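**Q** Starting off with a structure, shown below.
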Amino acid sequence: MADLPKFNAYINGASVPPRTNTYFETVNPYTSKVWAEVARCNEADANDAIEAAYGAFTTGEWPAMSATQRGALLRRFGDLLAEHADELAEYEVRDNGKLISEMGPQCGYIPQWYYYFGGLADKIEGSVLPIDKPDIFNYTRQEPLGVVVAITPWNSPLMLLTFKLAPALAAGNTVVIKPSEFTSTSTLRFVELFAEAGFPPGVVNVVTGYGAEVGAALVEHPKVAKVAFTGGSDSGARVYQSAAAGLKKCTLELGGKSPNIIFDDADLDDAVKGAISGIFAATGQTCIAGSRLLVQNGIYDEFVRKLVDFAATAKMGDPMQRDTQVGPVTTPPQYEKILQYVQVAKDEGAEVLLGGGPATDRPECGDSQYFIEPTIFGGVTNNMRIAQEEVFGPVLSIIRFDEDDEAIAIANDIAFGLAAGVWTQSIKRAIKVSNAIRAGTVWVNTYRAVSFMSPFGGYKQSGLGRENGIEAIREYLQTKSVWISTASDVPNPFVMR
Ligand code: NAD
């Protein structure tokens, strides 16, 4: 396939072929065709990238820069991203099949992270302590960690990368990125803009390839100070173990099985849209999917009828068309996994209210082999696998409840704790329930909102640490305490000061 575009790794400011000169294919899920080849990096490439990042952290322009200068570079990068937002959105859609109607605005919004963290770079202050010792001046500094490895999944490559990259760079670290093997190309185009913005070579690097081949080598590398990972819980656990073996800092953004709770006093039309947005937006391939819909008994029949009617109108098709509402599943293994879960739900006795299989005989789905009908299961109980395990696809499980406390108990009876939705017109109920839910994000009368300024992360097995907001930059800093003696002579060296 000599005429396919080839994407190399990006190391020390240059496009670099993999050491073994081998490439893997990347597929457009809508056409189901290979459209490019991407460098299959291994441990040797990982070493090169880490050495480049380590060199850029320890010597040259980057460590000599003031926080104000770093902030200015980040804001310049944000401007370049804004100029290239449409182009980057098209890369994302081609590789992951998400809708252009979502990825266009998302890529247009990403620059805000670089403006926000660029502005924050020179507002992180140490302190002078009123130390309890005579003749000592004591102050703290906030210092970067060193080389950060950022590992991302395929579902929102640039946004999830940005959650890591903007605070890591604002804090003065250097970064090696490992994007998903399914969606590497947008990241490779994106990082070229760092050189254009004036970042020194080696500050941002990318190696592409498989998790076990190159991702694991990055995490294990002794010169890495921190790993920032987004992905599935199983890979997250492996990354955490490996980081722990090297005593590296680690943040993890993992899976979810989020409850979206519809109370009987909710505005039902709004809540229907909230339920749809929770599970069918992005074809359900989001960590924050509201995949467990808890509906109160008094409104159950009316609500479920409205929901099924609305979901049945969802327009499937070409993700590049602005009126498409549900695109293809991104990867062949994910397609198989979703269908297996549909079968699991049927075998467990859940009732198919909508969909329930592959989307066949739909001309609007073109040649794609990866469309699945928006699927709704009724009659689900919280102990079923379909209620407990992350599907990561357009598959909704509806669970009935009577009392508020029962809804809270069901919502919390799960290993995950990433997000939740609450639909009610009662402010008392909204506050009581959102306080009681064990999840890192709770949305009331809305769903699937994120911002650069609001902390995001998981409770329980949904992750460790927080991204976004002021606290995110602390995940990329460490505190140094500096002691300066002002005494006229050195005190007794045999006793502690
Ligand atoms: P994945 O875990 O299979 O892969 C994620 C990344 O980790 C990829 O780049 C992969 O190559 C790499 N990887 C895999 N094994 C590795 C290892 N041993 N060492 C180093 N790197 C390794 O996840 P995915 O299928 O790409 O993404 C879907 C998952 O991501 C879902 O579970 C979803 O919930 C989760 N996710 C979480 C968030 C969040 O913010 N909490 C956001 C999006 C996606």
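What follows draws every value from the coordinates through simple rules; no lab data is involved. If you're wondering where the values come from, they're calculated on a predicted model, not measured in any experiment. Note that we place each Cβ from the backbone using ideal geometry, even for glycine, and neighbour counts take in every protein chain shown.
**Q** Between Ile470 and Asp367, what is the FRET efficiency for a Förster distance of 56 Å, r being their Cβ-Cβ separation, to the nearest 0.05?
**A** After rounding, the FRET efficiency stands at 0.75.
**Q** Another one. Which of the lysines could be linked to Lys432 by a straight reach, that is with a Cα gap under 26 Å, when you skip same-chain ones fewer than 8 residues away?
**A** Once the sequence-local lysines are set aside, what remains near Lys432 is Lys257, Lys273, Lys460.
**Q** D for the chain, whole µm²/s, Stokes-Einstein with Kirkwood Rh over alpha-carbon pairs at 20 °C and 1.002 mPa s: what number? Write down the numbers at each step before the final one.
**A** Working: Rh = 23.9 Å.
Stokes-Einstein gives a translational diffusion coefficient of 90 µm²/s.
**Q** Let me ask you something else. Just tell me which lysines come within less than 26 Å, Cα to Cα, of Lys223; anything on the same chain fewer than 8 places away is out.
**A** Leaving aside lysines fewer than 8 places away in the same chain, those within reach of Lys223 are Lys164, Lys178, Lys248, Lys249, Lys480.
**Q** Give the Rg/Rh ratio for the stretch 21-76, taking Rg as the radius of gyration of the Cα atoms and Rh as the Kirkwood radius, to two decimals.
**A** For the stretch 21-76, the value is 1.23.
**Q** Provide Rg and Dmax in Å for the stretch 150-201, with only Cα atoms included in the calculation.
**A** Answer for the stretch 150-201, Rg first and Dmax second: 10.8, 29 Å.
**Q** Can you give the Kirkwood hydrodynamic radius for the stretch 343-497, in Å, rounded to one decimal and based on Cα pairs?
**A** 20.0
**Q** What percent do you get for the relative contact order of the stretch 259-444 when only Cα pairs under 8 Å and 6+ apart count? Can you show the working numbers first?
**A** Values: 338 pairs, mean separation 52.2, N = 186.
Averaging sequence separation for qualifying contacts and normalising by length gives 28 percent for the stretch 259-444.
**Q** Once Rh is set to the Kirkwood radius over Cα pairs, what Stokes-Einstein translational diffusion coefficient, in µm²/s, holds for the stretch 166-306 at a temperature of 4 °C and a viscosity of 1.567 mPa s?
**A** In µm²/s, the coefficient rounds to 71.
**Q** What's the center-to-center distance, using Cα atoms, between the stretch 188-206 and the stretch 376-445 in Å?
**A** One Cα centre to the other: 41 Å.
**Q** Next question. Relative contact order of the stretch 1-52: what whole-number percent is it, with Cα pairs under 8 angstrom and at least 6 residues apart?
**A** About 38 percent, as a whole number.
**Q** Given contacts defined as C-alpha pairs under 8 Å and at least six residues apart, what's the relative contact order of the chain, whole-number percent?
**A** Numbers: 1144 pairs, mean separation 89.5, N = 497.
Here the relative contact order equals 18 percent.
**Q** Rule-of-thumb check for the stretch 259-444: C-alpha Rg over 2.2 N^0.38 Å?
**A** Working: Rg = 15.9 Å, N = 186, 2.2 N^0.38 = 16.0 Å.
Dividing the Cα radius of gyration by 2.2 N^0.38 Å gives 0.99.
**Q** Sorted by mean Cβ packing within 10 Å, highest first, what order do the peptides 487-493, 477-483, 91-97 take? Could the numbers behind the result be given before it?
**A** Values: 487-493: 8.0, 477-483: 12.9, 91-97: 26.6.
Highest to lowest by the protection proxy: 91-97, 477-483, 487-493.
**Q** Next up: Under 19 Å from a point placed 7 Å out from the Cα of Glu196 along the Cα-to-Cβ direction: which residues of the stretch 4-24 have their backbone N that close?
**A** 6-16
**Q** Where both partners of a DSSP beta bridge lie in the stretch 259-444, what percent of those bridges are antiparallel, to the nearest 5? Before the final figure, lay out each step's value.
**A** Values: 4 of 24 bridges.
Of all bridge pairs located within the stretch 259-444, approximately 15 percent are antiparallel.
**Q** Just order 288-295, 366-373, 50-57 by mean Cβ neighbour count inside 10 Å, highest at the front, would you?
**A** 288-295, 50-57, 366-373
**Q** So how do 62-74, 326-338 stack up, highest first, on mean other-Cβ count within 10 Å?
**A** By packing density, highest mean first, the sequence is 326-338, 62-74.
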